[in-house]
Structure formats: C-alpha cells, structure tokens
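Take a look at this one; I'll ask things after.
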Amino acid sequence: MSRKAIIRVKDLRAGYGEDIILDRVSFNVYEGEVFVILGGSGCGKSTLLKTIIGLIEPRAGKIAIDGDEVSVDDETTLQKIFRRIGVLYQGAALFGSMTIAENVALPIREYTSLPKESVDVLVKMKLGLVNLEGYENYLPSELSGGMKKRAGLARAMALNPKILFFDEPSAGLDPVTSAELDDLILYLNRSLGTTMVMVTHELQSIFAVAQRIIMLDKRAKGIIAEGNPKYLRDHSQNKFVKQFFNRQTEENGVGGKGSE
Amino acid sequence: MNTPETTGPSRYQIAENPEGGITLHIHGNMDSANAGQMIEELTALLSDYSLSSLTVDLEKVDHLDDFGTLVLVHLRKMVSNGRDGFYVVNSGDKIKELLSILHFDSLNEKISLEKKRSPGVFIRIGEATFRHIADLKYAISFIGSIVISLVHICLHPRSLRSDDTIRYMQRVGVDGLPIVALISFLMGLIMAFMSSVQLQQFGANIYVASLVGLAMTRELGPIMTAIIVAGRSGSAFAAEIGTMKISEEVDALFTMGFNPVMFLVVPKLVAAAIMVPILTLFSDIFAIMGGLLVGVFMLDLTAGAYMAQTIKTLELFDVFWGVLKGGVFGVLITWIGCFRGFQVRGGAASVGEATTSAVVSSIFLIILSDSVFSVILRYWG
Ligand SMILES: Nc1ncnc2c1ncn2[C@@H]1O[C@H](COP(=O)(O)OP(=O)(O)OP(=O)(O)O)[C@@H](O)[C@H]1O
Ligand SMILES: [Mg+2]
C-alpha cells in the first residue's frame, strides 16, 4: 500500500550560527504513522523537530508539511500549517500565568465557536485523557515535571491536529504513566488517524509505539539508520544502532558487560 | 432511501416515538470541524420539542471525536429528565471505546473552571498584612546575610568574584554613562534656561552658574543618576536573579555549596557602590556644561566668568556630599533589586512583577533616603 507522505524533508541542512548540526537529511513521514526520531543526546533531534515546524530557518533543503512548503518567511503558509499541527516541547512550555485549564482552553477558544460551558467540558475531557483530572485550576508552577509534560500534551492535542510533534513526551514520567501515555498515543493514532512524530529515548515505548524510526548521529550529522525498530535491533550492522538498542556503552559495545 | 446531506440542518432526522420522547438520527462526521456549528443547529432544532427523553442514533456517524462527544454532552444537558432520559444507540465499537475512554457516562456537565474565588476584603487585608510582615522579616534577614558576606569579603578579599564584579561595573557604569551624561546635560540646560528668565529681571545672570552648580551637585545629580541606574540596572538585577530562581539555578548554586548572596549579590553591590558615585560626578560635570552653554549663548556670559562663579559657589564638601549620596543610592538599588529577584516564585509573570517592583521600590527608597540626608545635613552641618 503506498501511503501519502505527509511530511517531506529533502536534503535538509540545519544549524545555529556557524555550527552545522545536521546535513543532507532526507526522509518522509507517511500519513497516519507513528514516526520516531532517535539519537544520542545533543545530536540534533530537537533541532530537527524545530526546523521541520518552521521555528528555525534551514540552511538548505526543502520541507513540506501536508503539501505546504515550510518557510520561515512565509507567515500565511506557516499559520495554515500551525492549525494542523500540535507541538509538545521538551520543557512543556506551559504559560505560567494561566491555570492548566486555561492553557488547554486557549487554542480551543481561539479557533472554535464552542460555547463556554462546552469548552470547559472539553478541557476536562482532554485533561482526563492525560490523567490530570482535578488539576484544572492549578498553575504550572504548582505541578511536578511529569505533570507539566502531560498538561503540555493535553494542550498540544487540544484541537485534534492532524500531526502531533512530541519532544521527549515520556521523559520524567514513571513507567506506569509512561506506558499509559504510549497507550494514549496509540489510541489517538488509531482512532483519529493522527500522525505522530516523536523524539524519545525510552526503548520500551519505542518498541511499543513506533512503526518507523530514523536514527541521527552527531558525527555523521545525519541519518545512520531508518526502518522498523524491532528489525533494526535484530538485524542492523551499524555499531551505534546496536549499542543504542541494547543499551551498551562504547567500550563494552562489542564484548558485552559480562554480567548480562 | 434518501441520504441526507452531511452538513447543514438536513443532516438531522427527528422522529417522535409512540411512547413519548424523541429519536434523533445524525448523519456525517461529528468532529472538531463542525462541533460548534452542530451545537448551535441542534439547540435551535430541538427547542421546539419538550425533551423528556432523547435517543440519539449514531448509526450513520462515521467519525466521532472528543468534540463530537461534546455535542452529545450538550444534548444530554437539554433533556429535562437528565441522564435517565438520554440514550445513545447504534454506536460503533470505535465510538463506544472513545466514549468509555472519555468517561462519557460519568462526565459532569456542570463543571466550573473558574479560578479559586477570591476571598473577602478582610481576609485579603489580613493575608496582605501577613505577607508584608513576612516580606519585612525576609528583607531584614537578607540585609543580615549581605552584611555577613561583606564582612567575609573584607577578611578574605580573594573570595570576591572579581570577574563578575568587573563585568557588572561595566554594565552599570560604562554602559550607563551615555544616557546619564545626556540627561544631566539637558537638565543643566533646562535649569539654566528657566532660572535665567527670572534672574535676568534683576540683572543677576551670573547666579545661574551658582544655581545650576549647587542644585546639581548636592541634589539633582545624585538623584537623576540613581533613578537612571534603578531603571537600567536595578530592574536587570531583579530579572536576572528572578529568572535564575524559577529555573532552579539558585537552588543549584546553593546545593553546590555556594552562598547565593555571596555569589550573586555581592559583585553587583560592590560594582554599584563604586560606579554610581563615579556616574554622579559625570552627571555634575555634564550638567554644568549644559548650564555653561545657556550662559554663553543666551546670557552673554564668558565661559571663564561662568566657571569662576561655579567654582566660587561650590565647596568641595558639596561635591563630596553628592557623591556619597550616590554611593548610598547605588547600594539601596542593588539591595532592593536583588531582594525582589530572590522573592520570585512561580513563572515568568512573577519575574515581571519583581522587575517592576524593584524599580518602583528603588525610586521610593532613593527619595526617602535623600530626605534623610537633608535632615542629617540640617542638624549636623
Ligand atoms: N539555541 C542554540 N544555539 C546554538 N546551538 C544550539 C542551540 N540549541 C542547541 N544547540 C546545539 O545543537 C546541538 C543539538 O542540540 P539539540 O537540542 O537539537 O539536541 P538533542 O538531540 O535534542 O539532544 P537531547 O536529547 O539532549 O535533547 C547541540 O550540539 C547543541 O549544542
Ligand atoms: Mg532535545
């Protein structure tokens, strides 16, 4: 079955100032899939995510989301794109002066014509989905790190966007909550057909949710592996990919730790 | 069978049941794109019926998301018998799953997301009082820790973070000089101009020099400088420390064994205590230059005569007194700026409040301490 590529990245070069972080990166994300970006810390996953959604201007290359070309200068197209995506930032990025409920309600009030009581009910449902019922009137500063993440997720999916971008959604969550989050992601993916692009390090959740992954590398400044995570774990010849999926360090990557 | 359109009012079919109540058939999608519209349309459509019981038939609904669920919640609210008179039938497995995940059956329609109700006026006054007392206690203990740090620095001068101190001296002093110079120059100009209008009537032009010199060195120079420093640097100190506070950087310093006051406050304090007096001196000089300009070009005084009169009027003590005031103002500005910074709690808005409050409190303290200086001079001098 040939599916529609909802995100196309072609020959992307991204970086800050003098530094080129990523070069010659090309990949597609297909409609309705859960797509995971992997890689060591500092290899440019967040940078790639921010470049795709038009926050950082790419040095070269083309990015298209749902048929529209992403360009930092083209405000109108960006606005059109922003209506179709939701983003969960690495630090949750909740607005500190608003309660959790107001944070989630903000995009709903702005972009739909729902009556006020309905917005409140909807906010309550959204927060219920991320297990935060009862915290509607809390300020972000009164929540724990993992709770902020979940509230950020509720805000990102407030308008049921076509594509959701997550930067490390399960960082700071306990295994149970993190597994529930995986279920939620799978559920949203299945029921609403939401395309998910995530950055995550949690091996378990990668195997649970990801249909396809790309792995970035700092030295290669680009993609070193692409495909199904389970297949890559068992069949990849790349040393770093093996290390990553088997949680080994550089030194004992070949010989194993002995105790295992 | 005719298939109704999937948008607009024709996508609803209403049938009255023989045993009372109404069955509503919905066609098409119920999702974020049309939920708002559906709620409006259904409210209008069903207002003609007495809704003792309502059955919603979802057989023809292909897609329903949480916005669609909202429409159902809204319909349930319209039924006079409440939950007992509301049924959803013929929903597919997907829809059933969604409704159960969203706890549709137990969802409460009457939730209020209002902020916590603000308490009555007496409670608020009481709380404010306690807050101010706590503030005051903290302010005093903050002074205490500054003094302890300063004593420590005097005993171990090497523990002063000299790089930071020099950086702050540059930011407070060097970077602030242009604006201080410009404003003082204009002040001198205006003062000379305004006073000349009066003094010219008595042919006392030369006293413009005395007036500008004395007023600027003793009062206005230090005050103007301090107000500019409060706006430029006091606010920056509060914002810097406040931001560090909310991003847990202050906590990190503390657990790494640093004394936050020593680390963050003392360099700023030393920098301000040195630079504000120097800025005050510059302010005096530029103000006199402003006066000189008016004297030479409007009052036909020679530059030499103007300067001679200025020097004759001013005693060294006047200049020293102004500079001393500048030093005290500098210390006060830093103290209140850092204090407000440390008081930040929560998020970005709190940093904004701290910054505002740092500037306002600084200006208040500047004027207050200036009056104290006047009283001291009156009874002591
Ligand atoms: N605002 C910035 N300015 C300059 N360089 C930056 C900036 N943000 C990130 N970098 C650099 O870009 C590189 C990639 O950073 P990025 O945040 O994308 O990493 P990451 O893969 O998301 O890592 P992590 O898993 O730790 O979040 C790093 O080397 C970092 O030093
Ligand atoms: Mg990152």
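What percent do you get for the relative contact order of chain A when only Cα pairs under 8 Å and 6+ apart count?
The normalised contact order for chain A reaches 23 percent.
Compute, for region B:159-380, the length of the dipole vector about the Cα centre, with Cβ point charges of +1 (Lys, Arg) and -1 (Asp, Glu) only. Units Debye, rounded to 20.
Values: 12 positive and 14 negative charges, 34 e Å.
In debye, rounded to 20, region B:159-380 gives about 160.
By the scheme Lys and Arg +1, Asp and Glu -1, what is the net charge of all other residues having a beta-carbon under 13 Å from that of A:Ile65?
Computed value for this residue: +3.
Right, next: Only four residue types carry charge here, +1 at the Cβ of Lys and Arg and -1 at the Cβ of Asp and Glu. Report the dipole size of the protein assembly as shown about the Cα centre in Debye, rounded to the nearest 20.
1480 debye
Within a 10 angstrom radius of each residue's Cβ in B:65-71, how many Cβ atoms of other chains show up on average? Whole number is fine.
That works out to 5 on average.
If you count only protein heavy atoms with a 1.4 Å probe, what accessible area per residue comes out for chain B, rounded to a whole Å²?
Solvent-accessible surface per residue comes out at 52 Å².
If you don't mind, there's one more thing I want to ask. Tell me what the protein assembly as shown gives for mean residue ellipticity at 222 nm when only DSSP H runs of n ≥ 4 count, each as -39,500 (n - 2.57), the sum divided by the residue total, rounded to 500 deg cm²/dmol.
Computed ellipticity for the protein assembly as shown at 222 nm equals -17000 deg cm²/dmol.
Report, ordered by chain and residue number, the aspartates and glutamates lying within cross-link reach of A:Lys221, taken as a straight Cα distance under 13 Å and ignoring same-chain residues fewer than 8 apart.
Once the sequence-local aspartates and glutamates are set aside, what remains near A:Lys221 is A:Asp11, A:Asp19, A:Asp23.
Enter the Cα centre distance for the pair region A:215-232 and region B:338-373, rounded to the nearest angstrom.
Region A:215-232 and region B:338-373 have Cα centres separated by 52 Å.
On to the next question. Taking the Cα centre of chain A as the origin, how large is its charge dipole in debye, to the nearest 20, when only Lys and Arg (+1) and Asp and Glu (-1) carry charge on their Cβ atoms?
620 debye
Can I ask one more? Taking the Kirkwood radius as the inverse of the mean 1/r across Cα pairs, report the Rg/Rh of chain B.
So for chain B, dividing Rg by the Kirkwood Rh gives 1.33.
Ok, one more. Express in Å², to the nearest 10, the accessible area of A:Glu202 obtained by rolling a 1.4 Å probe over the protein heavy atoms while all chains stay in place.
80 Å²
For region B:159-380, how big is Rg over Rh, using alpha carbon atoms and the Kirkwood form of Rh?
With Rg and the Kirkwood Rh in hand, the quotient comes to 1.08.
A follow-up question, please. Could you tell me how many cubic angstrom of Cα convex hull volume region B:69-204 has per residue? Could the numbers behind the result be given before it?
Working: hull volume 64.1 nm³, N = 136.
It is 472 Å³ per residue.
Please compute the length gained on full extension between B:Ser371 and B:Thr313, using 0.36 nm multiplied by the number of residues separating them and subtracting their Cα-Cα distance.
18.6 nm
I would also like to ask the following. Straight-line reach from A:Lys242: which aspartates and glutamates have Cα under 19 Å away, leaving out those fewer than 8 places along the same chain?
A:Glu202, A:Asp217, A:Glu226, A:Asp234, A:Glu250, A:Glu251, A:Glu260
With just the Cα atoms defining each centre, how far is region B:26-49 from region A:28-82? Give it in Å.
Cα centres, region B:26-49 to region A:28-82: 36 Å.
Normalising by the residue count of chain B, find the relative contact order in percent from Cα pairs under 8 Å and 6+ residues apart. Mind dumping the intermediate values first?
Numbers: 499 pairs, mean separation 63.4, N = 381.
Over chain B, the number comes to 17 percent.
Of B:Leu368, B:Val266, B:Met256, whose Cα points farthest to the positive end of the dipole of region B:248-381 (charges on the beta-carbon: +1 Lys, Arg; -1 Asp, Glu; origin at the Cα centre)?
B:Leu368
How big is D, in µm² s⁻¹, for chain A by Stokes-Einstein at 4 °C and 1.567 mPa s if Rh is the Kirkwood radius over C-alpha pairs?
Approximately 67 µm²/s, per Stokes-Einstein.
Something else about it: First obtain the Kirkwood hydrodynamic radius of region A:1-63 from its Cα pairs, then insert it into the Stokes-Einstein equation at 25 °C and 0.890 mPa s, and state the resulting D in µm² per second as a whole number. Intermediate results must be reported in sequence, preceding the final value.
Values: Rh = 12.3 Å.
Estimated diffusion coefficient is 199 µm²/s.
Counting other Cβ atoms within 10 Å of each Cβ, which GluC sites (Glu not before Pro) in region A:124-177 have at most 15 and sit in a DSSP loop?
A:Glu133
Here's a follow-up. Normalized C-alpha radius of gyration of region B:9-106, against 2.2 N^0.38 Å?
For region B:9-106, the normalised Cα radius of gyration is 0.99.
Do you know the relative contact order of region B:159-380, to the nearest whole percent, from alpha carbon pairs under 8 angstrom that are 6+ apart?
35 percent
Which loop GluC sites (Glu not before Pro) in region B:182-270, with loop taken from DSSP, have no more than 11 other Cβ atoms within 10 angstrom of their Cβ?
Of the GluC sites (Glu not before Pro), the ones in loops of region B:182-270 whose Cβ has at most 11 other Cβ atoms within 10 Å are B:Glu248.
Per-residue accessible area for B:Asp164 at 1.4 Å probe radius, Å² rounded to 10?
30 Å²
Sticking with this one: Taking only the Cα atoms of the protein assembly as shown, how large is their convex hull per residue, in Å³?
275 Å³
Give the separation of the Cα centroids, region B:290-336 to region A:97-126, in Å.
Distance between centres, Cα-based: 60 Å.
Within a Cβ distance under 11 Å of A:Ala156, other residues only, what is the Lys/Arg minus Asp/Glu net charge?
On the way: positive: A:Lys126, A:Lys149, A:Arg150, A:Arg155; negative: A:Asp167.
Value of the local net charge: +3.
The values are calculated or read from the model by the stated rules, or taken from the named source; none is laboratory data. The structure displayed is predicted, hence computed values, not measured ones. Here Cβ is always computed from backbone atoms with ideal geometry, including for glycine, and neighbour counts include all displayed protein chains. In case anyone asks, the SASA skips ligands and DNA or RNA and just uses the protein heavy atoms, side chains included. Shrake-Rupley method; radii C 1.70, N 1.55, O 1.52, S 1.80 Å.
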